[in-house]
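To keep things clear, I will list the structure first and then write my remarks on it.
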Amino acid sequence: MTFITFEGGEGAGKTTLIEKIAFRLSGQNRSVLRTREPGGTRVGEEIRKILLERREGEPLSPYAELSLFLASRAQHLSEIIKPALEKGAIVLCDRFNDSSIAYQGMARGLGMDEVEKVCRFMSGGIEPALTLYLDIDPEMGLARAKRDRGGQDRMESEAIAFHKKIREAYLRIHKKHPKRFHLLDAAMSPERVFEEAMKIIDASHV
Ligand code: T5A
């Protein structure tokens, strides 16, 4: 079972990297599934709209927000991730439990340990074998995301202090799980990030 997740702040370059890795691994004749959170299923994509749409004057409670990310994940696991892993595919997933721990646990203040426990329970023993974390200065990442899309979604439009907390949380996760959670400098060129990521994947014999 090969489950690889990708983490990082806004605009860190996960989508760009996943595309290159999927291309490389598929070329090695391996079955590869690319997916993302929130989303990945029809229900998940509907939940994604609720989560990312900006609604002025109607803030979501942090608990409601966490519950929606978890609902999207539960559906994603049962409908997409588990069946693909059981068939022997390599699953490349853009965000997973670590996003909830960083965003809702740290930045929304629900507690990293508390959110980690709920995530473990909800994901029923499915854990990534490897996580590639793209570390970037939040201002640089937000500028990339804005340039790419022209506007900002509900999470991106949070204050810079919120995004700095997310980076701090990821760095704590890196310290806590150094074997699984690998840090890559996302300020490097996309090609360099890809080369470094492939070294980690090859060394892990997935
Ligand atoms: N969230 C998610 C939670 O709060 N809790 C959770 O549990 C989960 C699962 C998801 C939001 O939900 C939050 C986190 C997010 O706020 P999203 O739209 O999926 O929303 O957000 P992101 O995952 O952040 O997606 P982005 O598209 O913003 O970022 P990516 O995928 O990391 O970046 P990418 O590859 O699209 O690149 C952005 C731009 O930068 C360029 C690309 O060409 C592109 O233009 N780029 C580079 N430029 C220079 N150097 C590089 N190395 C580059 N790599 C890419």
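Laboratory data are not the source of any read-out in this text; all were calculated from the coordinates shown. Note that this is a predicted model, so its numbers are computed, not measured. Virtual Cβ from ideal backbone geometry, glycine too; neighbours counted across all protein chains shown.
What to note about this one:
- Partners of residue 164 within straight-line reach, counting aspartates and glutamates whose Cα lies under 13 Å from its Cα and excluding those fewer than 8 residues away in the same chain: 10, 135, 137, 139, 156.
- Proximal charge balance of residue 199 [Cβ under 15 Å; K/R count +1, D/E count -1]: -2
- For the chain, the 222 nm mean residue ellipticity estimated from helices alone, with every DSSP H stretch of n ≥ 4 adding -39500 (n - 2.57) and the total spread over all residues, rounds to -15500 deg cm²/dmol.
- Modelled this way, with points 7 Å down the Cα-to-C-beta line, the labels at residue 78 and residue 117 are 2.4 nm from one another.
- For residue 206 and residue 20, the difference between the fully extended length at 0.36 nm per residue and the C-alpha to C-alpha distance is 65.3 nm.
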